[in-house]
Each structure stands twice: as structure tokens, then as C-alpha cells.
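K.L.:
Take this structure, written in C-alpha cells, and hold onto it; I'll ask about it next.
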Amino acid sequence: MKTTQPDKAPHYTRSLRALVLEDNREDVERMEALLRGVGYILSLEVVNSLAHFQKQLAQADYDIILADYNLRAGTAIDALAVLRKSGKEVPLVVVAGASGDLAAVECLKQGAADYVLKHRLQRLPVVVERLLRDKAYREEAARLQEQIHSAQEEWELTFDVVPDPIFQVDRRHRIQRVNRAAAALLGLKRSELIGRSCHEVLHDRADPVPGCPVERMLMTGKEERGDIEVALLGKVFDATASPLFDSHGVVRGAVHVLRDITERKREEEALRRSEASYRSLILGATYGIFRCDQDGRFLAVNPALVAMLAYESEADLLAANVVRNVTRDAEEGAQLLQQYRQRGRVDGIEAQWRRKDGTLIPVRLSGRTVLDVHGAWQGFEVLAENVSERWHLEDQLRQAQKMEAVGRLAGGVAHDFNNLLTIVSGYSDLLLEKPEAAATMRGYLEEIKKAADRGGTLVRQLLAFSRRQVLVPRVLDLNAVVANIDRMLRRLIGENIELTTLNEPRLEPVKADPGQIEQVILNLAVNARDAMPEGGQLTLETANVDLDEDYTRSHVNVVPGRYVMLAVSDSGVGMDAETQAHLYEPFFTTKKEGQGTGLGLATVYGIVNQSGGHICVYSEPGQGTTFKVYLPAAPRMETAAAESTPTRRCLPCGSETILLVEDEEGVRTLADRILRLRGYKVIAAANPTEASQLCERHEGPIHLLLTDVIMPTMSGRRLAEHLSLMRPELRVLYMSGYTDRAVVPRGILEEGAPFLQKPFTPESLARKIREVLETPQPPLPRRRRKES
């Protein structure tokens, strides 16, 4: 098979007659395309066996031979033997698919001019050009040697015009002749070089440098070449030593030719470093990086991608396919590949990938298409980022936003409901106090009172979930709280459940409302009991923990720091992921109708969050459940102090003057009647503005301000601060169903601030009034006016 015309205009015109020993047509076409691409006018003879090779070699002369290493009946080493036997000096380049270093070395030992791997075939034009150039120089050197014998003057003239430095040396390396380029290289006159050894003038050594081509040539009697570094000049040369024979055919010396390849070596070293740096970057990357062909077969992968997809090794993943094995759906994966091909690149596309164990992970993909030397599409290079953590955080954020919205709704409903319950419960109590009430009527009133009390419990749970209840926090020991309710818990859970407590001996204190923390423990214990109908193990554990940034990055609204953990674990039925997703929503329950309100865990969620902590659950079906409550550790300097509430008999009546401020008319009327029935003088106001006016106009003393916390124009706290400017002796009692967090952060009043929770009874109101009036306490601090 012969082709003699180029497919396109060459960069330069140069004929090349090549003999190709190759049995793979595609490889022949690739070599032909590369050589034509740099401008060679090819005359190509292709043979596929050693026999044909030997025959063709005998019939014609060639500029170069390209031989595959693995042949049908032999190797390139056998082809080299045939070439040597023919006696022809034709450079033979071994073109191998994949072979070891030993095979390459052996080929070079057997006379191969070079060794090119097929996956780096782009080197072939460079190698061919170098070999042809080398052949030309060898031919030129041979011609010069022939001319020396025929005409010394003509030889000297030709010798001098060669651009590369040339040294003619004897067997002891002494310089006999040098050309103009050699003298210029060393900066000496020719006469100053004659008689000196070449290793002296080039290397400042008394003996030849290791690997000296002249030394090797003297040993072999054949032309030798090799790279030598001339330290004195800071250059690297491609050195050739060709033998000079006397009339008896004995080597009498050599022609030593140097070609400056310093720049080429620098470029090769830069390329090597660049490749090493690129390889290090890919191997050390934390993101997955891969290359695949147009069908989705992996061609190259980095360790991060192997780990991301949970494959055992790089080879294990290379055997997989992006479309069939990795994308969630093969059809979807094929469509994505087609889109990537049409766009030419991908930027930040998110998809779900399947790991080897079958689990799905979200990934973010960016990359580009890969083209061959002719611009044809070959495949893709893609960077894959595992965005599971980001998706997890987004899910947590959506859940938190949903809980916040439900909490606002629940809090608003509970606030209005509280006022209604206050009126129902209060008037029920007033009627029950009347001795003339008939027995039948008293029964009805008591049922109304019970219903109101149950409604009040429900409202408190809603307020706890919505984080709008009032907390009275103090520094406390969580171990002591657990110990205080131990007996109650044992009665609550029953005899078929074993209760174990594991307390940290040196537990940090926390700042929280002890009653609410007890409620958290009781609700979690009840939840655990219901999950173990056949009995089991309930464990309460406390510990000091440090939540670092790694933890807080995967948990929304959690601040790094020191925490105290309370864990409540059971050996019950456990929960699946779907149940856990709705766990803290109000009125969500897995219990049978009538067995639960669905507010127990919602209450726990609200109390923990309002106390500045957070709660996590760990559960699997059939494996039990663990709830972990994390509360911020309180500073050691805040030592828990016992409350010094005076133990005195609370008087139900009085004669003091009370300023009553309540925007809900029904509640205001009820409180007014209760207080007047107990002998108090009452000044009632529907809003803070009216209260300020009444306070300013009243000439007598006002002993106590009884105010709602949340009102349309001004909070009860700000009203108290305002009135204290007029009446410094004024005492204050707050009342509310909840405290808005915009007025009191996280619904927490100052320690010691008197507070009455709605709905209240006539007795609780009267007792709290007397308690505030009779308990010694400093007046409310005056609020400084802002300068205008």
C-alpha cells in the first residue's frame, strides 16, 4: 500500500520514505496523519510481518523504519536483528502500545534509534525530525572524513563551515583539530587547543567524564552518542563520537561533535515539572476529578472521586461507567452527557450520583469537553463536588423556618386563648366562692373550671413550643434536677422499665428555668415509656461536651462552645427517617387517637430552644431512640443561689391602691372585680397612654402597678420604667400569657421580676399581689432619658 500525495499543504516541503512494520491499521493512520501534519511528503510502505519486512528492506532504500514492538510472530527486537543483518543504516523507531522500561532499554541496546509509546504518539514527528537530522549529520561527518583523505584543504573548509563544535581527537583524547565553532565555544585560539585533552578543555578534568561518547567509541569501535553537561560553560550538549580509522582499519581517533541542547533540556525539565505539578494537583485535590469518553466510560479518576463514590480502588472505579453505574438513572445520565456535548462545558450543574453501595449523594458538576488534535469530540473532563453537607444544612434551615412559622401561629393563638381562659376560669372561681351557689350549679362550675384548667395546660404547651412563654432562669445543677425527679420518673414509667442514670461527677452548671427543664425530662421519659410497651431500658445521662466548628457547620443555629448534655435513651421500637422529619411539629403523633396530644416533643423543642440550647435525635427502627439536649454551660462565677422567698402567710385582702393596665377588656374587668372584692382601690386603664395620664392626675399614692406585658403601643416593662420616673416607690407585677421576644430577649424576664402567668385564678392573683406588696425589694431602677 503506497500513498504519495499530502492531504493538505505542508508547513515545509520534505520528502520522507518510510517503511512501517505494523499490523494495526488505525495506528498506521495515526502515524501517517501526524507526519503529514508537520509537512512531510510521505511515501509509505506498510508490512505486517517479519518476512515481508525482510523482503521489502532488501528491495528498496528508506529514510526511516517505524516498527510495532509486538508483532504477530516476534517483536521489534527481531526486526532490529533483520535490519542489522541487511547491513543498512536506517534508523528504526520502535512504536509500542504499552511496554516496560526493560523492553525499551533492550530495544535501544539492540540498535533502535528511539522508542515511542502509542499513547504519546505526538512525539513521533519530533523523533523523526531528530533522527533525520542526526542521519544528515552523520552523513555529513562521513563525507567530511572521505574528503579529508582526498583533499585536506577542501576537508578543512568543509570542517569549518559545520555550525556545531567539532573536535578531532586521538585515542588519548588529545585534540588534533578543531573547527571554528569549537574555538568560539571555548573562547580560545585553535593553536591554544591543539595537544590538550578534550576533557581538560571542556570539563577541567584529568580523565574522561563518566559516559563520555569518545571513551565508549574507543571501546566499541562504533559511533557513540550521549548527553554531556559542560559545567564550565553551563550548557548541555548532544555529543557524538565517530571513529577515525587508519589505513589498516584500526581506530586512531574520533570526530567529536557537540550540539547545544541546553534550551531543549530546559523545556523538557519544565514540561516534566509541569506534569508532576499537575499530577500532584489532581491526586491531592479534595474534589473528585475524572475524564470519561463519549460513552461515559471512565478513562482517569483521582483518589477523591474513588473515596466519594465508595469504590475500593482506582481500578475498581475505572471499570465502571458514569451513565450506567454512577448517575441515578441511566437515561437521565445519557441526556446529561448529550447536553454537555452540545454546550461544550458545564458549570455548577447539580445531580444525584449513586455510590457503589447504592446510596445516593448530591454532586455539583463543572467541566468541559475534550477534543483530539483534529478538533473532534472525544469525551469530558469533569470536577465533581459532594454537596451533601450543603443539602443537609439547607434541609435543616427549611425545617427551622417551618417550625418558626408554626410557632408564630401557635403563639398568637395561645395568647388570645389565654385571655379567654383567664375570664372563664376567673369568673368560675368567683362564682364558686359564693356560698349561696346551689350544689348542682357548683358541679357545673367545677366542670367548667376543670375544662379551663385543661385548656390552660394546652396553652402552656403551645407557648412552650412557640418559645413565647416566660422563663425564670437561674443557675442550676442538671444532676440535681435529675435526682429531684427520680422518684416521680420511676412511678411514671412503671415497674417493667429499668431506669438508669449516668451522671458526670463534675458537671458544669447551666442557666435555665428548673421547672421547664423538669418538664423536658418528663416529656422525654413519657415518650420513651410509650415506645417500650413490653418494657425495656431507660437511661438518663449527663456530660460536659465541647461543640466545635465542625459540629456547628452541620447544625443550623448552633454556636461553638462549652455545653452540658442531657441524653435520654430507650430500647424501644425506634423511628424511621420520615417520622423524625416531623417529630417536633405540634399535634404530630404516631400514637393511637386519644392517647396523645402531639405536643410533648413540640414542648420540649420550644423549651430547649428558648433556653439557648438545641436538641438532636438518633434513632432507627427496632434500635431504640436517643434524644440529646445541649444547654450552654454557665460561667463558674454564677453560682447557683437558693431562692429566698419569705415563708409567710399570704394575706388575701388589702387596702392599697393598684394601677391596673390591661388591653383585653374581659381580663381587665375580671381583675378589677377580684381586687375590689378584696378591698383594694383600683385605677383601671385600657392602654399605657391612659395609664400614664391617670397616674399623673392621681393625687394619692399608687402602691403597685399590675400590667400586661404585651400591649399595642408600649410593653408593660417600658410602661413600668416610664412611671417610675414619676413614682420611684412604685412596685410592679407583670402578667401575661407570653412575653414577646422583641421586648424581652428569648422571653426571659430579669431574675427576681414578679410575674403572674395567665390564665390566673382570683386566689393566685390575690396571693401574688400580697407577696409583691409585702416582700422587701428595691424599687425599679429609673430609666435615663435620652438627650434630644
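The values are calculated or read from the model by the stated rules, or taken from the named source; none is laboratory data. Quantities reported herein were computed from a predicted structural model and do not represent experimental measurements. When we count neighbours, we look across all protein chains shown, and the Cβ atoms used for this are built from the backbone with ideal geometry, even at glycine. Accessible surface areas use protein heavy atoms only, side chains included; no ligands, DNA or RNA. Shrake-Rupley method; radii C 1.70, N 1.55, O 1.52, S 1.80 Å.
K.L.:
Would you please list the contacts, defined by Cβ atoms under 8 Å and residues six or more apart or on different chains, that run from a residue in the stretch 711-728 that is on the phi < 0 side of the Ramachandran plot and in contact (Cβ under 8 Å) with a residue 24 or more places away in the chain to a residue that is open to solvent by 30 Å² or more (accessible area, probe 1.4 Å) and small (Gly, Ala, Ser)?
P.N.:
Short answer, once both residue conditions are applied: none.
K.L.:
Please count how many residues of the stretch 282-322 are touching an Asp or Glu at 6+ places or on another chain (Cβ under 8 Å) and open to solvent by 20 Å² or more (accessible area, probe 1.4 Å).
P.N.:
Result for the stretch 282-322: 6.
K.L.:
Could we say that Ile702 is at pLDDT 90 or above, over 30 Å from Val510 (Cβ atoms) and part of a loop (DSSP other than H, G, I, E, B) here? Let's see the steps before the verdict.
P.N.:
Numbers: at pLDDT 90 or above: yes; over 30 Å from Val510 (Cβ atoms): yes; part of a loop (DSSP other than H, G, I, E, B): yes.
Criteria met by Ile702.
K.L.:
Let me ask you something else. Step by step: first the residues of the stretch 32-51, then only those that are more than 16 Å from Arg130 (Cα to Cα) and among the aliphatic types (A, V, I, L, M), then the one that is farthest from the chain's Cα centre (by Cα). Which residue is that?
P.N.:
So, considering only residues that are more than 16 Å from Arg130 (Cα to Cα) and among the aliphatic types (A, V, I, L, M), the one farthest from the chain's Cα centre (by Cα) is Ala51.
K.L.:
Would you check which residues across the stretch 39-49 are open to solvent by 40 Å² or more (accessible area, probe 1.4 Å) and either among the hydrophobic types (A, V, I, L, M, F, W, C) or in a strand (DSSP E or B) (or both) and list them?
P.N.:
Our first condition is that a residue be open to solvent by 40 Å² or more (accessible area, probe 1.4 Å); within the stretch 39-49, this holds for 41, 48.
Of everything in the stretch 39-49, just one residue is open to solvent by 40 Å² or more (accessible area, probe 1.4 Å) and either among the hydrophobic types (A, V, I, L, M, F, W, C) or in a strand (DSSP E or B) (or both), namely Ile41.
K.L.:
Those residues that are touching a helix residue (DSSP H, G or I) at 6+ places or on another chain (Cβ under 7 Å), among the β-branched types (Val, Ile, Thr) and under 17 Å from Ser619 (Cα atoms), I need them from the stretch 509-546; list them, please.
P.N.:
Val526
K.L.:
Then there's this: Restricting the search to the stretch 416-431, which residues are within 15 Å of Pro759 (Cβ to Cβ) and at pLDDT 70 or above?
P.N.:
The initial filter retains those residues of the stretch 416-431 that are within 15 Å of Pro759 (Cβ to Cβ), namely 416-430.
Within the stretch 416-431, Asn419, Leu420, Leu421, Thr422, Ile423, Val424, Ser425, Gly426, Tyr427, Ser428, Asp429, Leu430 qualify.
K.L.:
Within the stretch 221-269, count every residue that is under 60 Å from the mean Cα position of the chain (by Cα), open to solvent by less than 60 Å² (accessible area, probe 1.4 Å), of a type in the set (Gly, Ala, Ser) and farther than 14 Å from Val169 by Cβ.
P.N.:
Of the residues in the stretch 221-269, 2 are under 60 Å from the mean Cα position of the chain (by Cα), open to solvent by less than 60 Å² (accessible area, probe 1.4 Å), of a type in the set (Gly, Ala, Ser) and farther than 14 Å from Val169 by Cβ.
K.L.:
Residues that are at pLDDT 85 or above and of a type in the set (Lys, Arg): which strands (runs of 3 or more DSSP E) entirely in the stretch 463-519 hold 1 or more of them? Steps first, answer last, please.
P.N.:
Working: elements: 474-476, 497-502, 510-512.
Where strands (runs of 3 or more DSSP E) fall fully within the stretch 463-519 and carry at least 1 residues being at pLDDT 85 or above and of a type in the set (Lys, Arg), they are 510-512.
K.L.:
Look through Lys109, Lys85, Lys135 and report the one residue that is surrounded by 13 or more Cβ atoms within 10 Å (Cβ to Cβ) and charged (D, E, K, R). Outline the logic, then answer.
P.N.:
On the way: Lys109 fails: surrounded by 13 or more Cβ atoms within 10 Å (Cβ to Cβ); Lys85 fails: surrounded by 13 or more Cβ atoms within 10 Å (Cβ to Cβ).
Lys135 is the lone residue from the list that is surrounded by 13 or more Cβ atoms within 10 Å (Cβ to Cβ) and charged (D, E, K, R).
K.L.:
Further question: Name every residue in the stretch 201-216 that is over 15 Å from Arg171 (Cβ atoms) and open to solvent by 70 Å² or more (accessible area, probe 1.4 Å), in order of residue number. Full working, then the answer.
P.N.:
Here is the first cut: in the stretch 201-216, the residues over 15 Å from Arg171 (Cβ atoms) are 201-206, 209-211.
Asp204, Arg205, Ala206, Pro210, listed by residue number.
K.L.:
Does Phe159 qualify as being under 17 Å from Asp260 (Cα atoms) and either over 56 Å from the mean Cα position of the chain (by Cα) or touching a residue at least 60 places away in the same chain (Cβ under 8 Å) (or both)? Walk me through it before giving the result.
P.N.:
Numbers: under 17 Å from Asp260 (Cα atoms): no; either over 56 Å from the mean Cα position of the chain (by Cα) or touching a residue at least 60 places away in the same chain (Cβ under 8 Å) (or both): yes.
Here the answer is no, as Phe159 does not meet what is asked.
K.L.:
Can you confirm whether the stretch 168-180 contains a residue that is out of contact with any strand residue (DSSP E or B) (no Cβ under 7 Å at 6 or more places or on another chain), assigned to a loop (DSSP other than H, G, I, E, B) and open to solvent by less than 50 Å² (accessible area, probe 1.4 Å)?
P.N.:
There is no residue in the stretch 168-180 that is out of contact with any strand residue (DSSP E or B) (no Cβ under 7 Å at 6 or more places or on another chain), assigned to a loop (DSSP other than H, G, I, E, B) and open to solvent by less than 50 Å² (accessible area, probe 1.4 Å).
K.L.:
Does Ile261 meet the test of being at pLDDT below 80 and closer than 25 Å to Val178 by Cα?
P.N.:
Numbers: at pLDDT below 80: no; closer than 25 Å to Val178 by Cα: yes.
Against the criterion (at pLDDT below 80 and closer than 25 Å to Val178 by Cα), Ile261 does not qualify.
K.L.:
In the stretch 550-581, what residues are under 28 Å from the mean Cα position of the chain (by Cα) and buried (at least 17 other Cβ atoms within 10 Å of the Cβ)?
P.N.:
Val556, Val558, Tyr563, Met565, listed by residue number.
K.L.:
So His52 clears everything in (1) surrounded by fewer than 18 Cβ atoms within 10 Å (Cβ to Cβ); (2) modelled with pLDDT of 90 or more; (3) under 27 Å from Glu223 (Cβ atoms) except one condition, right? Which one?
P.N.:
For His52, the exception is condition (3).
K.L.:
Same structure, new question: Working only within the stretch 655-674, note down all residues that are among the acidic types (Asp, Glu) and open to solvent by 10 Å² or more (accessible area, probe 1.4 Å).
P.N.:
Glu656, Asp663, Glu664, Glu665, Asp672
K.L.:
Can you confirm whether the stretch 535-549 contains a residue that is open to solvent by 30 Å² or more (accessible area, probe 1.4 Å), free of Cβ contacts under 8 Å to residues at least 12 places away in the same chain and not basic (Lys, Arg)?
P.N.:
For the stretch 535-549, residues open to solvent by 30 Å² or more (accessible area, probe 1.4 Å), free of Cβ contacts under 8 Å to residues at least 12 places away in the same chain and not basic (Lys, Arg): present.
K.L.:
Report every pair of residues separated by at least 6 positions or lying on different chains whose Cβ atoms are under 9 Å apart, first residue within the stretch 217-243 and modelled with pLDDT of 85 or more, second of a type in the set (S, T, N, Q) and not in a strand (DSSP E or B).
P.N.:
That search, which allows pairs on different chains as well, returns Ser242/Gln145; Pro243/Thr220.
K.L.:
Could you please give the count of residues in the stretch 501-514 that are open to solvent by 40 Å² or more (accessible area, probe 1.4 Å) and either in contact (Cβ under 8 Å) with a residue 24 or more places away in the chain or of a type in the set (Asp, Glu) (or both)?
P.N.:
The total comes to 6.
K.L.:
Please indicate, with yes or no, whether at least one residue in the stretch 90-104 is open to solvent by 60 Å² or more (accessible area, probe 1.4 Å), without any contact (Cβ under 8 Å) to a residue 24 or more places away in the chain and farther than 17 Å from Glu22 by Cα.
P.N.:
Taking the stretch 90-104 first, the residues open to solvent by 60 Å² or more (accessible area, probe 1.4 Å) are 98, 101-102.
Checking the rest, the ones that are also without any contact (Cβ under 8 Å) to a residue 24 or more places away in the chain come to 98, 101-102.
Going one step further and asking which of them are farther than 17 Å from Glu22 by Cα, we end up with 101-102.
Scanning the stretch 90-104, I find at least one residue that is open to solvent by 60 Å² or more (accessible area, probe 1.4 Å), without any contact (Cβ under 8 Å) to a residue 24 or more places away in the chain and farther than 17 Å from Glu22 by Cα, so the answer is yes.
K.L.:
If a residue must be open to solvent by less than 90 Å² (accessible area, probe 1.4 Å) and over 22 Å from Val127 (Cβ atoms), how many such residues does the stretch 61-72 contain?
P.N.:
So the count comes out to 0.
K.L.:
Next question. Would you be able to say whether some residue in the stretch 287-295 is at pLDDT 80 or above and within 24 Å of Glu229 (Cβ to Cβ)?
P.N.:
no
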